[in-house]
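Here's the structure, in structure tokens; my notes come after.
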Amino acid sequence: MGAVKTIARRSFLIGSAAIMGGVAFGTYMAARPIANPLEDGLAEGEAAFNPYVKISSDGITLITPRADKGQGSYSIQAHLIAEELDIDPNSATITPGAPGPAYYNGAVLSEGVPIPAYVETQVAETARAFMAVPAKLFEMQMTGGSSTVPDMFVKLRLAGAVARETLKEAAARQLGVSRSELTTRDGIVVAPDGQELAYTALAAEAAKLEPVVMQEADLRPASEWRILGKPFQRTDIVAKSTGTEVYGIDLQLEGMRYAAICANPGIGGALESYDASAAEGMRGVEKIVEVKAGNAGVAVIATNSWYAFRAVEAIECVWGTPDYPGNSSEHWEALEASIDSEAHFDHRQRNEGDVEVSLASATPFEAEYRAPYLAHAPMEPMNAVVQIGEDRIDIWTGTQIPLFIRNRAAAIAGMDNDAVHVHVLPMGGSFGHRLEMTHIEQAVEIAMAMPGTPVKLTWSREEDMSHDYPRPAALMRGRGVVADGKVDTFDISVCQQGLAGPWMGRLTGLTLGGPDATITTGSWDQPFGIPNYRVTGYRAPDLVPVSSWRSVGASTNGFFHDTFLDELIHEAGADPLEERIRLCIHDESRKVLEAVGELSGWDGADMGEGRGRGVGFCMSFGVPCAEVIEVTQTEAGLRLDKAYVVADVGQALDPVNLEAQLYGGLIFGLAHAINSELTYENYRPAQVNYHAYEGLRLYQTPQIEVKVLENAGRVRGVGEPSLPPAAPALGNAIFAATGQRIREMPFNKFIDFA
Amino acid sequence: MKLRVNGQDMQLDVDPEMPLLWALRDELGVTGPKYGCGIAQCGACTVHVDGLAVRSCQMNVGSMEDGADVTTIEGLGQPGALHAVQEAWIEHQVAQCGYCQSGQIMQAANLLDLNDDPDDATIDAVMSANLCRCGTYPRIRAAIKTAAQKLREA
């Protein structure tokens, strides 16, 4: 056990936050190193150089703690480690590992800093870096906000480099040469005389050494990369093409039982009473369980998910009333009553020139915009397998928030946090849905009714869509003035309910005070210089509980800001692309606009009779992204012909997947701009399955061309930024082709699509 | 009752109203076919029954002939012994979350069984019944063309 004892003294010192916290802020808690969680489970002769690399005589394991919802995060995390470790990522075992505080996300909160992403001053960078401190203290091992690559870009390459150099050190001692004389390739240390030592053979010796200290400056320059920046096969692509990828819903355990639930379709409403007598005798039914955790309801445990679904439908429930208005019209009334009302003022992070004077001196152009509630509706519905042991709980599930789940499960079962073991599995999509955990809470309570037996709770599609915490509905009012063929005054008010605070509160019990940036994210922070320019956020009262939906605030604000800008440009009589370029104050963004013009062959919005093109732009998650869409009015309805996407990601690490994320975000944006909304009737969504919530299908998908720029200095994540420009690009194209300006999503309420 | 699943005879003792999907997944442990909607709107559960693509969430096992031949994604091809459609799916790196891809691949394989040179309109029409939320459609179109070429040259 000597080796284990030696490395148990090691602590995790890699990572900007530990260094930053200690040096720049002196916060004891933030500076305190976090123990390497891999050290606990090490066998004799097994080496864990840091929380990300484990090597034994049997093989190499890479820990990829950011969850994979389909965006390719496991693959890129493995590539980042492998680039410095000098291995083929497909030769290693890739696993998210056990969740732990060491895996906190140091980048995800930096979006919340009240400085636009295009400002890169020292103050801005310091403020963004500081956001890693609360992320560490609150143990935010979280996947989201397009933050995986920005957060992991240095951390994981350093992890690979430290492991490589420590293995070389072990080889150097064995061979009696100095470490600098050794080289590495494909999992092997090569001696000056050509002798080869496999990493796996060096693991036992390396485990006895202190890891070699490496700095960011020691990392290889991009010019020497062999994996990053090159077309590479996703590590999960074969499994996902052969039905062998095991998602949470696919997990099978010995003796497992299957559960379904009907919970109050009004989120947060009580279960007043129920009659399960019709379900009790049904085939396959083993137990009926009243559930209080998460959303209250009644569950059935059976020998097959379908038996459980069928039995649940036979249960008669009397539901209590939830704490929000029952019908969509009342929700809109709440937003209408809150917008431009002093009592609901939340923040004004942009206020340039003198908007009031300008508006008073002319007859302003005015317009009102709306964006509906939306469900996430990933293809794989929410599910979790939970096994309650005597002194431990095991949870297998796809999740973006494993530590929040751990803590909540422990509280429900009355155990210590450390007794809960969360096993994160690949996800069939999420789009933010798996930033919530009511299904996990329910699954824990259900499994507690059958101790020792693993129980898999699967939400039916209807249960999933009626208990989703949706994207908030939003209302925007815009006022503008044009002069001399230019946009002179741009003033918008955006109103929706708060998102970040209530989410943090229900997941962690922590209270987040202050303004809620999500209300105007994607409009206040755009890289334009307009003489009189103002964006104001108003916070509506809490309505139905809402959550983050792919691209969050920018999903609505991107539509509001860019479409209203398009309207003013039209009023001014200017060309939509040229005027955006003229107004742009950020070099990388301007180049993105210019590039999309070039790629699409832009020569004006008018493309002839019944045809038109529109441009949309939004900078979100630090990525400027511009899209052009071409449409034709046909007898069958409006047809989307072509779409062009240009984004500046700073550095393209995984070009094949990067392209997929960019057109995927565009398609997701179009899907909801055209076809989808959640409306509330009697406290519940009226749309609970795909027949009423279409998304986009192949026949409506345009031909798409993607171009990636790398002018911005820093590496960025791309899971979200191509979504916000999609709706405005399409709406602006429809206006160009038909003269009809659509100011509310989904567009199919106002125009027929082919 | 008896089903022949991926070339193996399997015994089932379930309620005859049980959809084939849930017999495959929870009784036989064949989890390639996915549950997405339960109402034939997404196609994630697509399998071949006697050589035709069907939505297994809609086919009650009691309505199937005894010994019916069922092929799922696992039976179409496996890592190391891939079907041409799977090869094309891997070459084009179609999958993102991948959850719908079992159904997409089974639908595409059936399309190419019936028509080894589908035009764009046919591909759009046939594949539009399979929903993908990640938006992998551009590569689905491309991969079907590659797979068609592989099959024609085979």
Residue that is among the β-branched types (Val, Ile, Thr) and facing chain B (nearest Cβ under 7 Å), where the choices are A:679, A:701: A:701
Residue list for the range A:491-533, filter: more than 29 Å from residue A:588 (Cβ to Cβ) and either among the small types (Gly, Ala, Ser) or part of a loop (DSSP other than H, G, I, E, B) (or both): A:498, A:501, A:505, A:509, A:510, A:511, A:512, A:513, A:514
Strands (runs of 3 or more DSSP E) wholly inside the range A:259-313 containing at least 1 residues that are aromatic (Phe, Trp, Tyr) and either in contact with a Ser or Thr (Cβ under 6 Å, 6 or more places away or on another chain) or closer than 24 Å to residue A:681 by Cα (or both): A:271-275
Tally, over the range A:490-544, of residues that are among the hydrophobic types (A, V, I, L, M, F, W, C) and in contact with a Gly (Cβ under 9 Å, 6 or more places away or on another chain): 13
Residue within the range A:724-734 that is open to solvent by 10 Å² or more (accessible area, probe 1.4 Å) and either not aliphatic (A, V, I, L, M) or not in a helix (DSSP H, G or I) (or both) present: no
Checking residue A:48 against (1) under 29 Å from residue A:428 (Cβ atoms); (2) surrounded by 23 or more Cβ atoms within 10 Å (Cβ to Cβ); (3) more than 27 Å from the chain's Cα centre (by Cα), the condition it does not meet: (1)
Residue that is within 20 Å of the chain's Cα centre (by Cα), surrounded by fewer than 24 Cβ atoms within 10 Å (Cβ to Cβ) and closer than 25 Å to residue A:619 by Cα, where the choices are A:101, A:116: A:116
Single match in A:389, A:452, A:485, A:414 (criterion: without any contact (Cβ under 8 Å) to a residue 40 or more places away in the chain and surrounded by fewer than 23 Cβ atoms within 10 Å (Cβ to Cβ)): A:414
Identity of the residue in the range B:106-126, among the acidic types (Asp, Glu) and out of contact with any helix residue (DSSP H, G or I) (no Cβ under 7 Å at 6 or more places or on another chain), that ends up most open to solvent (accessible area, probe 1.4 Å): B:113
Any chance residue A:297 is more than 24 Å from residue A:396 (Cβ to Cβ), in contact with a strand residue (DSSP E or B) (Cβ under 7 Å, 6 or more places away or on another chain) and open to solvent by less than 10 Å² (accessible area, probe 1.4 Å): no
Which numbered condition residue A:699 misses (of (1) part of a loop (DSSP other than H, G, I, E, B); (2) closer than 20 Å to residue B:140 by Cβ; (3) more than 25 Å from the chain's Cα centre (by Cα)): (1)
Filtered residue count, the range B:127-154, keeping only those that are at the interface with chain A (Cβ under 9 Å from one of its Cβ atoms) and either more than 25 Å from residue A:244 (Cα to Cα) or surrounded by fewer than 21 Cβ atoms within 10 Å (Cβ to Cβ) (or both): 3
Candidates A:212, A:162, A:189 - the one that is over 30 Å from residue A:432 (Cβ atoms) and part of a loop (DSSP other than H, G, I, E, B): A:212
Selected residue (criterion: nearest to the other protein chains (Cβ to nearest Cβ)) from residues of the range A:284-339 that are under 18 Å from residue A:450 (Cα atoms) and among the charged types (D, E, K, R): A:286
Top-ranked residue in the range B:53-86 [being within 13 Å of chain A (Cβ to nearest Cβ), without any contact (Cβ under 8 Å) to a residue 60 or more places away in the chain and within 13 Å of residue B:109 (Cβ to Cβ); ranked as farthest from the chain's Cα centre (by Cα)]: B:82
Residue in the range A:568-581 that is crowded, with 21+ Cβ neighbours inside 10 Å and under 30 Å from residue A:409 (Cβ atoms) present: no
Verdict on residue A:683 being in contact with a helix residue (DSSP H, G or I) (Cβ under 9 Å, 6 or more places away or on another chain), among the aromatic types (Phe, Trp, Tyr) and buried (at least 18 other Cβ atoms within 10 Å of the Cβ): no
Residues of the range A:417-449 that turn out to be open to solvent by less than 10 Å² (accessible area, probe 1.4 Å) and within 13 Å of another protein chain (Cβ to nearest Cβ), as a count: 7
Every residue from the range A:683-696 that is under 24 Å from the mean Cα position of the chain (by Cα), more than 8 Å from chain B (Cβ to nearest Cβ) and among the aliphatic types (A, V, I, L, M): A:688
Out of A:660, A:647, sole residue that is open to solvent by less than 10 Å² (accessible area, probe 1.4 Å), within 13 Å of chain B (Cβ to nearest Cβ) and outside any loop (DSSP other than H, G, I, E, B): A:660
Qualifying residues in the range A:704-714 (those that are more than 8 Å from chain B (Cβ to nearest Cβ) and modelled with pLDDT of 95 or more) - the one most open to solvent (accessible area, probe 1.4 Å): A:710
Members of the range B:89-105 found to be more than 9 Å from every other protein chain (Cβ to nearest Cβ) and open to solvent by less than 10 Å² (accessible area, probe 1.4 Å), listed by number: B:103, B:104
Qualifying positions in the range A:204-257 - modelled with pLDDT under 95, buried (at least 17 other Cβ atoms within 10 Å of the Cβ) and among the basic types (Lys, Arg): A:234
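The values are calculated or read from the model by the stated rules, or taken from the named source; none is laboratory data. Just so we're clear, the structure is a prediction, and the values are computed from it rather than from any experiment. Cβ sites come from the backbone with ideal geometry, for glycine too, and all protein chains shown count toward neighbours. In case anyone asks, the SASA skips ligands and DNA or RNA and just uses the protein heavy atoms, side chains included. Shrake-Rupley method; radii C 1.70, N 1.55, O 1.52, S 1.80 Å.
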